[in-house]
Amino acid sequence: MSGLPLGFDQVFRVHAPYVGALVLKLIGRPGYVDDVVQDVFIQAHRGLAKLRDPEAVRPWLRRIAVRRARRWLRKRWVLRWFRELDVDAETQLVDASASPEERAQVTRVYRSLERLPEDERLVWVLRLVEGETLESIAEMLRCSVSTVQRRLRAAQAAMGERR
Amino acid sequence: MNGPRRDARDQRVDLRGLATGWDAGRTERVLAGVHTQLDRRRRVRRAALATGGIACAAAIALVALGPGRTPGAPSSDRLANAPAPDSGLIRLRDGSEIRLDPSTSEVRVIEETASRVSVELVRGAGHYAVVPNPARAFEVHAGAVTVSVLGTEFDVERRGAATWVEVTRGKVAVSSDDRDPALLVAGEHGLYPRPPPPAPAGEDTDSRDRTDFARGRAERATRSYRSQVAHRDYRSAYAALARNPALAGDTVDDLLVAADVARLSDHPAEAVPYLRRILHDHARDERAPMAAFTLGRTLGGLGRTRDAMASFARVRSDWSQSPLAEDALVREAEAASTLGDAATAARLAAEYDRAYPDGRRRAEVRRYARLE
């Protein structure tokens with residue numbers, strides 16, 4: 001189906017865990033991760049045939065995942081309005097084997113992130129959790145580097161106040 | 001303007017406690033969802049194309065007929081009768097094709113994965129040209145009849161309660177009852193289910209009724225189990241599996257589902273035999289490393305740390321190029337640390353440094369080895 005050595009199913013099996021982890025970090029709602037991952041790969045299905053370089057697959061899936069996560073964050077208010085957001089999200093967010101300190105850190109971060117505008121939230125997670133460069137964040141979010149910097153400053157200020 | 005650039009690098013946030021775990025069962029579940037969505041989109045697109053084609057044909061016919069012609073008058077414009085683009089042809093991902101007359105026939109793709117393609121002839125007839133692939137099972141269900149094939153060309157047609165099968169090229173197996181499947185080669189054909197063999201002396205119709213009843217019950221149980229799995233009702237599915245172990249099946253897909261059912265219904269110990277069967281019977285399958293990794297995690301969760309270590313070690317030794325090899329090494333080091341085996345943990349940490357010099361989990365492995 002593509003110029004890659006792997007077929008779609010194999011690409012999915014190799015990259016789904018990474019995409020799933022990234023989406024969880026971005027949206028912070030374990031109950032919706034599978035849906036977003038599914039959307040990412042449905043969108044990727046057609047474009048995969050055009051990719052020739054296996055090294056390009058992950059960055060490309062990352063870009064789609066970030067945009068899909070942004071879309072999900074934007075429509076979150078609808079879920080909240082219908083009380084569809086999973087109430088156990090906070091407990092499911094933490095790994096069962098996490099230490100009390102790690103548990104507290106995750107809970108604290110995501111409580112603060114919930115109050116940020118989605119673009120600031122995405123920039124903050126991509127930069128400070130994922131370690132992405134400002135340039136790649138700008139490319140993923142289709143904005144300028146200075147906009148990314150401005151959003152990062154705003155997010156850091158808000159997170160600093162709330163944490 | 002360089003402020004955030006420098007600050008961000010210094011202030012990386014560690015979210016190690018985040019539950020980012022993802023296992024093989026979840027992969028297969030989400031992948032099945034992706035395929036279902038893609039199939040639905042394909043069907044909608046095909047239906048839209050067919051509708052558009054019919055509408056275009058009708059419009060062209062109207063134009064060709066013109067105001068002075070009556071609908072019954074012969075037309076010289078052959079486009080009016082041209083079939084809609086793509087109508088009557090289903091092209092599967094592996095290149096296999098199904099041709100049918102959409103006005104009289106209907107074929108539904110039930111499953112389309114790398115290891116299995118399953119289609120149902122709902123009504124009418126279809127011509128199947130299947131690309132040879134020994135690693136993939138290809139099945140056509142028509143009523144009570146199942147046609148299994150590796151690579152061939154054949155026709156299947158519903159004829160009332162029976163099904164007509166005719167082979168153009170290659171070989172197929174047709175199963176429709178408890179007897180051994182009938183093998184048909186090129187040029188052969190037959191109507192199935194076959195008439196029942198004459199009852200041997202002493203056998204009465206009651207025994208046949210009992211066989212039919214048992215078969216019907218088994219089919220109902222399988223349908224119910226699959227529905228419970230699809231609806232993530234793992235407790236009910238596990239109860240069904242405990243009553244009828246044959247539901248677990250033999251394929252990698254079936255066994256992964258059975259292992260998931262056991263794990264997700266809080267019976268992790270029962271998942272172990274299913275995962276071991278995958279490693280024993282399907283060691284060359286692309287999902288075998290995932291089964292080995294999941295087995296390691298499951299055994300670890302059961303407190304069988306030494307067995308878990310062996311399973312993670314197998315991921316690295318048998319599938320060293322697998323994307324799971326790095327995680328398996330980390331898990332192995334974690335297990336060694338749990339057992340208090342500092343020497344092994346240190347050896348694994350050194351191995352991690354060699355194999356993944358830029359690995360993101362280096363600090364974690366070194367922590368297990370008490371090096372940090």
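Before moving on, here are some points about what is shown:
- Among (1) surrounded by 18 or more Cβ atoms within 10 Å (Cβ to Cβ); (2) more than 9 Å from every other protein chain (Cβ to nearest Cβ) - the single one residue A:144 does not satisfy: (1)
- Residue B:170 being without any contact (Cβ under 8 Å) to a residue 12 or more places away in the chain, assigned by TED's automatic domain parsing to the domain that holds residue B:92 and of a type in the set (Gly, Ala, Ser): no
- Residue B:276 meets the stated requirement of being within 29 Å of residue B:347 (Cβ to Cβ) and among the charged types (D, E, K, R).
- Where helices (runs of 4 or more DSSP H) fall entirely within the range B:253-324, those with at least 2 residues that are in the same structural domain as residue B:355 (by TED's automatic domain parsing), touching a Pro at 6+ places or on another chain (Cβ under 6 Å) and of a type outside the set (A, V, I, L, M) are at B:288-301.
- Pairs where the first residue, in the range B:298-324, is among the β-branched types (Val, Ile, Thr) and the second is part of a loop (DSSP other than H, G, I, E, B), C-beta under 7 Å, 6+ apart: B:305/B:339; B:315/B:322; B:315/B:324
Conditions (1) aromatic (Phe, Trp, Tyr); (2) more than 21 Å from residue B:32 (Cα to Cα); (3) within 14 Å of chain A (Cβ to nearest Cβ); (4) crowded, with 24+ Cβ neighbours inside 10 Å, marked per residue:
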| position | (1), (2), (3), (4) |
| --- | --- |
| B:262 | no, no, no, yes |
| B:265 | no, no, no, no |
| B:273 | no, yes, no, no |
| B:280 | no, yes, no, no |
| B:296 | no, yes, no, yes |
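- When residues of the range A:129-140 are limited to those that are aliphatic (A, V, I, L, M) and touching a Leu at 6+ places or on another chain (Cβ under 8 Å), the one farthest from residue B:12 (Cα to Cα): A:140
- Note on the range A:1-76: enclosed helices (runs of 4 or more DSSP H) holding 1 or more residues that are more than 20 Å from residue A:120 (Cβ to Cβ) and touching a Gly at 6+ places or on another chain (Cβ under 6 Å) are A:30-47.
- Candidate set: the range A:9-18, residues that are buried (at least 18 other Cβ atoms within 10 Å of the Cβ) and either of a type outside the set (A, V, I, L, M, F, W, C) or more than 9 Å from every other protein chain (Cβ to nearest Cβ) (or both); chosen: the one nearest to the chain's Cα centre (by Cα): A:17
The values are calculated or read from the model by the stated rules, or taken from the named source; none is laboratory data. Predicted, not measured: the structure shown is a model, and the values here were computed from it. A quick note on method: Cβ atoms are made from the backbone with ideal geometry, for glycine too, and the neighbour counts reach across all protein chains shown.
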